[in-house]
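Worksheet: one structure, shown below.
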Amino acid sequence: MNATTRKFLLFAIAGGAGFVVDTGVLYLLKGALGLYGARAISFVCAVATTWIINRSFAFKGQSANLPVWREFLHYLGAMILGGAVNYAVYAALVATLPLVAAQPVLGVAAGVVAGMFVNFMLADKLVFKPRSPSP
């Protein structure tokens, strides 16, 4: 197995953990914040989860040479693009399919798949790309 395939598989495993967090937080908060507001919060929780797993496994040794807090902000910023794809698919399905509105986990799953490839490329080529130390 080549390095990129290995990273992608580990990234997908982290994505699975993020999916569980995303869905769990969504279901916890949907009564108070509605399906859209709860999803915004659940997405950030999922990003934090996947960042921790990805930096420890998928991109271990692929140091960004940044303080941890800055690395997280870079990761969050990069994941916003894939997250926009993710959220757009989720929102479109919730708005148009009664089954998805009743079972939003289906929309979360569709959004995760839609954003996964964008997120992998951004994480691999942008966030965890080794940078030269600042002088």
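Laid out as a table, the results:
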| quantity | calculated |
| --- | --- |
| Looking only at segment 89-135, and only at residues there that are part of a loop (DSSP other than H, G, I, E, B) and buried (at least 19 other Cβ atoms within 10 Å of the Cβ), the one that is modelled with the lowest pLDDT | PHE128 |
| Residues (hydroxyl-bearing (Ser, Thr, Tyr) and out of contact with any Phe, Trp or Tyr (no Cβ under 7 Å at 6 or more places or on another chain)) located in segment 31-80 | TYR36, SER42, THR49, THR50, SER56, SER63 |
| Considering residues of segment 51-66 that are without any contact (Cβ under 8 Å) to a residue 40 or more places away in the chain and either part of a loop (DSSP other than H, G, I, E, B) or surrounded by 19 or more Cβ atoms within 10 Å (Cβ to Cβ) (or both) only, the residue nearest to the chain's Cα centre (by Cα) | TRP51 |
| Those residues of segment 67-82 which are under 24 Å from PHE19 (Cβ atoms) and either aromatic (Phe, Trp, Tyr) or open to solvent by 80 Å² or more (accessible area, probe 1.4 Å) (or both), in sequence order | PHE72, LEU73, TYR75, ILE80, LEU81 |
| Any hit, segment 36-44, residues being assigned to a helix (DSSP H, G or I), touching a Gly at 6+ places or on another chain (Cβ under 7 Å) and in contact (Cβ under 8 Å) with a residue 12 or more places away in the chain | yes |
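The values are calculated or read from the model by the stated rules, or taken from the named source; none is laboratory data. Note that the structure is predicted; figures quoted are calculated from it, not measured. With ideal geometry, Cβ positions are generated from the backbone for all residues, glycine too; neighbour counts draw on all protein chains shown. To get the accessible areas, we keep the full protein, side chains included, count just its heavy atoms, and leave off ligands, DNA and RNA. Shrake-Rupley method; radii C 1.70, N 1.55, O 1.52, S 1.80 Å.
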